[in-house]
Every structure is written in structure tokens, then in C-alpha cells.
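The values are calculated or read from the model by the stated rules, or taken from the named source; none is laboratory data. Source: prediction; values computed, not measured. Cβ placement follows ideal geometry from the backbone for every residue including glycine, while neighbour counts extend to all protein chains displayed. Accessible surface areas use protein heavy atoms only, side chains included; no ligands, DNA or RNA. Shrake-Rupley method; radii C 1.70, N 1.55, O 1.52, S 1.80 Å.
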Amino acid sequence: MSSANHIFYRSFYAMGTRFEVVIPGPESKRLEHLFHDMEEKVMWWHRHLSRFEPDSDISRINLGASRYPVEVDKKIFSVLEECDRYYRDTHGLFDPAILTLQEFWKENGWTGDPQEAASVAARSGWKQVITDPEKQTVFLKTKDTGIDPGAFGKGLALREAGYFLKNEGIENALLSFGGSSILGVGRHPHGPHWPAGITHIFEPYRNVYVFPLHDAALSSSGASLQRKPAGNQEYLPVFHPRTGMPVTGWKTLSVMTKDPMVAEILSTAFLLADETEREDLLKTFPGISLAVEVTYLKQNANIRTFTNSLNKNDQNGKTGIKT
């Protein structure tokens, strides 16, 4: 039997969801060792980033940095500097420091007052974060500011796992973090790419769009059947950092790029952006190969695609498939 017909599959739990690994080829001690080494690398990020781990860098920041500067691990500080750059490049649409805003809506049963939400948004957010590169410390200007790595952590871990596999000579693999963040390394053993589908919310056994991943990542943000009903509105657990309001309606936004962390950041930013801001994001991030918005009206899926005219050479004709 051809090795292309064998699959090495493993999974583990991290960052609140399941991390899955698929590598074409038969079981072997080498792949088993590689899997465990990769798992440890991902779990390192989990231990340092998770706000649910009491000794993590993020927990120490959220607990004490509004009173005094908190020193963090060198790699964590580098990631926070990267977040600062993306916060500025997206004009604040990506904001990983709105934890208090998320908690405000949960505590109010998703029926919070818009003016009060705007007040919480004004007191929190990345604009309240001060980093000191020399001392590698983080300070929060208000006690209402808290960092939630859920905005970028899965993408970061996928990126590091992908680098590790490439450095170990693994040319083809599929990595999935909870199904919402996916990295296709190389290609599928029976095709030119790894097909990654966007599932129809109301018909979970059907894809509405299929992305072709070849050394590319896909991240999706937006609606699920876990949306939060509030009166006549259907709120999504995605919040606008400026207004403090949750996104309304049934829609998802998926972005394909080379970098899994950038894909995760931009799927949320694109979801929040208006038309002008979306055009600006495409210009600012030429690495966007494809973005797809799916809006559901009476359970029917309407699809819009956005391609980057500045990135034609990188698209390689990969426009995806509507299904």
C-alpha cells in the first residue's frame, strides 16, 4: 500500500480547545517523537499565555500590572510587541486587551446599556497598555484593562508548530486548532492543496466555501450556534473595541494568509471593519490571499469574497470553491 494512503493522526487539549495533527505517512517512532516535541512547544505557550493558569505571564499582568510594571518572559514580551504593531496597523480593530469589556457583557446577561459599554471600552483596551522594551515589563494604565490571548494565541501556537515541523523536514501536514484556526503545510497526499471548508451554521454537514491551503493558514471569526440572544438582537461574542458593542447578526469572516497568527488577527479585524476599513486592511496587509464573508438570511448563506490586488502573485489562482 502506498505511503500516501497512510495517515498519522494525534491530538491533545490546549488553550481551551483541541489541537489536531495530520501527517501523511505510516506510524513511526520518529513521528511519535516529533508529535510529543511539538505538543510540548504548544503547551509552553499555553502555560505562559493562558489567563486561566494562575502563574502564566498573562495572569500576572492582569492581576498586578495596573499597580506596578510586571516583567515577563522574553518570548512573551516579543509577542506583545507584535500585538502592539497589529493594534496600530488595524487602527485598533484588533485589540487583545478588552477582557473587561467581555466580562461586562457576560455579567449583564448580554443586555448591557450601550452607553455603559462605551464607557467600559474607553477605560480599557490596548491604548491603556505600556510596554518597556529595555526592562521587558508591561504596565496597565487602568484597572479596567485585561489581556485576553484568545484573540491571537491559537494562531501563534499554530505558527510555532508549523515552523517546528518544517525545520524537522516534514513537508506535508494539516494542523487544526479547534477547527477555527487551521494551517496547511505543503499539500494533501492526493491533491495540490489541503481543502479546508467553512461549515454552514444551520446545516453542519455541508460546507458553504472551501479554501485551498498550500503552505497557508485559515482563521474564522463570527457566528455559531452559541450566539447570545438579547431581546430582538442576536449578539456574537465579538466586540468592537471603540463602541464596546457586540457584533450583531449571523455572519462569519474567514481569512487565508501565510501566517496563522495574522490570519487569526485579521479574521476578527475584518469582521468588525466597515467597507472603507476593509479596503485599508487589504492595502496594509498584502499577505491576505483571500477573505470570505458568509452572511445568513433566513438560514440561506450569502457569500462575499475579497481578494488582494496587491498580492496576485501569492494567490496562485486559489480563489476557493463555493459549495
> Can you pull out the residues in region 134-152 that are open to solvent by less than 40 Å² (accessible area, probe 1.4 Å) and in contact with a strand residue (DSSP E or B) (Cβ under 9 Å, 6 or more places away or on another chain)?
Replying inline: THR137, VAL138, LEU140, THR145, GLY146, ILE147, ASP148, ALA151
>> Which residue is nearest to PHE152 (Cα to Cα), if the candidates are limited to region 13-34 and must be buried (at least 16 other Cβ atoms within 10 Å of the Cβ) and over 17 Å from the mean Cα position of the chain (by Cα)?
In response: VAL21
> Just for region 195-211: of the residues that are open to solvent by 10 Å² or more (accessible area, probe 1.4 Å) and in a strand (DSSP E or B), which one is nearest to GLU293 (Cα to Cα)?
Replying inline: ILE198
> Can you name every residue in region 61-93 that is closer than 21 Å to ASP132 by Cβ and open to solvent by 90 Å² or more (accessible area, probe 1.4 Å)?
Replying inline: LEU63, ARG67, TYR68, GLU71, LYS74, LYS75, ARG85, ARG88
> Which residues, taken from region 183-194, are assigned to a strand (DSSP E or B) and touching a residue at least 40 places away in the same chain (Cβ under 8 Å)?
Replying inline: LEU183
>> Name the single residue that is nearest to SER66 (Cα to Cα) among those in region 118-133 being hydroxyl-bearing (Ser, Thr, Tyr) and either over 23 Å from the mean Cα position of the chain (by Cα) or surrounded by 23 or more Cβ atoms within 10 Å (Cβ to Cβ) (or both).
In response: SER124
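Residue-wise test of (1) in a strand (DSSP E or B); (2) of a type in the set (S, T, N, Q); (3) within 17 Å of the chain's Cα centre (by Cα); (4) within 30 Å of ARG123 (Cα to Cα).
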| site | (1), (2), (3), (4) |
| --- | --- |
| THR252 | yes, yes, yes, yes |
| VAL262 | no, no, yes, yes |
| ARG278 | no, no, no, yes |
| GLY287 | no, no, yes, no |
| ASN302 | yes, yes, no, no |
| THR305 | yes, yes, no, no |
> Failed condition for ASP95, given (1) part of a helix (DSSP H, G or I); (2) under 24 Å from MET245 (Cβ atoms), with all others met?
Replying inline: (1)
